[in-house]
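S.K.: Here's a structure for you.
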Amino acid sequence: MEVIVAKTAGFCFGVRRAVEQVYEQIQQAKEPVFTYGPIIHNQEVVRDLEEKGVRVLNTREELQNLKEGIVIIRSHGVGREVYDILERNGIPIIDATCPFVKKIHRIVREQEEKGRRIIIVGDPVHPEVQGIRGWAGAETFVIQDASQIENLPVKPEEQLCIVAQTTFNYNKFKDLVEKFEKKGYDILVLNTICSATQERQVEASRIASMVDVMIVIGDKKSSNSQKLYEICQKKCKNTYFIQTVGDFNPECMNSVRNVGITAGASTPKQIIEEVHANARAK
């Protein structure tokens, strides 16, 4: 049986950078280390960091009550308000926001100042999107499917700026932009989907179309992992979404000729290697 592992599987640049920054602070810091929200969407990584003393802060109240320590901003980024709270309290900040997300913060801030209403294509409850909204102003809209476009209270003469969550499905983004264009709006479209995300999605789709079984490894809360699963499922009906090797069921590979493996941007290399080894042992 052949096992094909996607070359793009595993940590992307932004995730690797964020995780490395936390481990560096564990070694260097002389005061408590905190992250605002989980540094990445991977339970195994977050658990390891907690075992090494890193605490996760999840609420504005926890931030406001913090009197000492260092706070590391998660890879997904946060809104302007978080920086303001920490600066007022004199808490040192290590900004581990992915540079590609940081670029979106700058874009929406600048475009709103120029008078354009910001439209974010993405999941409204995802921390990255919530962070982007925190730089874009109260009049910002978030959409993730075509039905929402019809009901947007946008005036025909308004100027719009459309950006995307970095892990959004590229083909779906294009479809939504086309629907805006057909309505005749004055729009500035900036494709802010991370190039690594696009490459990962394209490769996953290609491998899934070639194999009998496809395995997607990623945390259940990981947006880009969920998108990979959706994409692969369309090409291979026997697609399985797992978080660790403990979720791997070898029986899914009975009597198959080939298996494909891909993984989300927050999946450590070790987990991918463990799943690969178990698939080959089968």
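S.K.: Write down the percent of antiparallel bridges among all DSSP beta bridges whose residues are both part of the chain, to the nearest 5.
M.R.: So the antiparallel bridges amount to about 0 percent of the total.
S.K.: By a straight-distance test (C-alpha under 24 Å), which lysines pair with Lys52 as possible cross-link partners, with residues fewer than eight away in the same chain excluded?
M.R.: List returned: Lys30, Lys67, Lys220, Lys221, Lys269.
S.K.: Could you list, in their original order, any pairs among Lys103/Lys183; Lys182/Lys235; Lys103/Lys174 whose Cα atoms are separated by more than 26 Å?
M.R.: Lys103/Lys183; Lys182/Lys235
S.K.: Just subtract the alpha-carbon distance of Thr59 and Lys234 from 0.36 nm times their residue separation and send over the number in nm, one decimal. Please report the intermediate quantities before stating the final value.
M.R.: Numbers: separation 175, 0.36 × 175 = 63.00 nm, distance 3.76 nm.
Gain on extension, Thr59 to Lys234, equals 59.2 nm.
S.K.: Right, here's the next one. Only one of the listed values, (i) 137; (ii) 162; (iii) 127, was derived from the coordinates as volume of the Cα convex hull per residue in Å³; which label is it?
M.R.: So the calculated entry is the one marked (iii).
S.K.: Per residue of the chain, what 222 nm ellipticity follows from adding -39500 (n - 2.57) for every DSSP H run with n ≥ 4, rounded to the nearest 500?
M.R.: On the way: 11 runs with 121 residues, N = 282.
My calculation for the chain gives -13000 deg cm²/dmol from helical runs alone.
S.K.: Could you tell me which trypsin sites (Lys or Arg not before Pro) in the range 1-100 are loop residues by DSSP with no more than 10 other beta carbons within 10 angstrom of their beta carbon? Present the calculation step by step, with values, prior to reporting the outcome.
M.R.: Working: sites: Lys7, Arg16, Arg17, Lys30, Arg47, Lys52, Arg55, Arg60, Lys67, Arg74, Arg80, Arg88; in loops: Lys7, Lys30, Lys52, Lys67, Arg74.
In loop regions of the range 1-100 (DSSP not H, G, I, E or B), the sparsely surrounded trypsin sites (Lys or Arg not before Pro) are Lys30, Lys67.
S.K.: Give me the extension gain from Lys155 to Lys103: residue separation times 0.36 nm, minus the current Cα-Cα distance, reported in nm with one decimal.
M.R.: Contour length minus the Cα-Cα distance gives 16.0 nm.
S.K.: Write down, largest first, the equivalent ellipsoid semi-axes of the range 1-106 in whole Å, where each equals the square root of 5 times an eigenvalue of the alpha-carbon gyration tensor. If you can, show how the numbers build up before the last one.
M.R.: Details: eigenvalues 149, 56, 25 Å².
Largest first, the range 1-106 gives 27, 17, 11 Å.
S.K.: Could you go through the range 268-273 in sequence order and give the Karplus-derived ³J(HN,Hα) for each residue, using 6.51 cos²θ - 1.76 cosθ + 1.60 with θ = phi - 60°, rounded to whole Hz, and x for Gly and Pro?
M.R.: x, 4, 4, 5, 4, 5
S.K.: Relative contact order for the chain: what percent, with Cα pairs under 8 Å and sequence separation of 6 or more?
M.R.: Numbers: 515 pairs, mean separation 63.5, N = 282.
Here the relative contact order equals 23 percent.
S.K.: Based on the Kirkwood radius over alpha-carbon pairs, what value in µm²/s does the Stokes-Einstein equation return for the translational diffusion coefficient of the range 134-282 at 10 °C and 1.306 mPa s? Write down the numbers at each step before the final one.
M.R.: On the way: Rh = 17.3 Å.
The calculation lands on 92 µm²/s.
S.K.: Name the shape class, rounded, prolate or oblate, that the alpha-carbon gyration tensor gives for the range 205-282, where a ≥ b ≥ c are the square roots of its eigenvalues, rounded holds for a/c under 1.5, and otherwise prolate holds if a/b is larger than b/c and oblate otherwise.
M.R.: Numbers: a/c = 1.85, a/b = 1.11, b/c = 1.66.
It comes out oblate by the Cα gyration axes.
S.K.: Which far-off residues, 5 or more places away or on another chain, put their amide H under 5 Å from the one on Leu152, with H placed in the peptide plane?
M.R.: Amide H to amide H, under 5 Å and 5 or more residues apart or across chains, Leu152 pairs with nothing.
S.K.: Dipole magnitude of the range 127-200 about its Cα centre, charges +1 at Lys/Arg Cβ and -1 at Asp/Glu Cβ only, in debye to the nearest 20? Let's see the in-between values first.
M.R.: Details: 8 positive and 11 negative charges, 31 e Å.
In total the dipole reaches around 140 debye.
S.K.: Normalised by the number of residues in the range 1-101, what is the relative contact order in percent for Cα pairs under 8 Å and 6+ residues apart?
M.R.: Reported as a whole number, the value is 31 percent.
S.K.: Work out the FRET efficiency for Arg257 and Glu178 from their Cβ-Cβ distance, taking R0 = 41 Å, and round it to the nearest 0.05. If you can, show how the numbers build up before the last one.
M.R.: On the way: r = 39 Å, r/R0 = 0.94.
Given R0 = 41 Å and the Cβ-Cβ separation, E is 0.60.
S.K.: Right, here's the next one. Under a straight-distance cross-link criterion of Cα-Cα below 19 Å, which aspartates and glutamates are reachable from Lys172, leaving out those fewer than 8 residues away in the same chain?
M.R.: Those aspartates and glutamates meeting the cut-off are Asp123, Glu128, Asp145, Glu150, Glu181, Glu199, Glu203, Glu230.
Read-outs throughout are calculated quantities, based only on the coordinates presented, and are distinct from any laboratory measurement. These numbers were taken from a predicted model, which means no experiment stands behind them. So basically every Cβ, Gly included, is an ideal-geometry build from the backbone, and we count neighbours across all protein chains shown.
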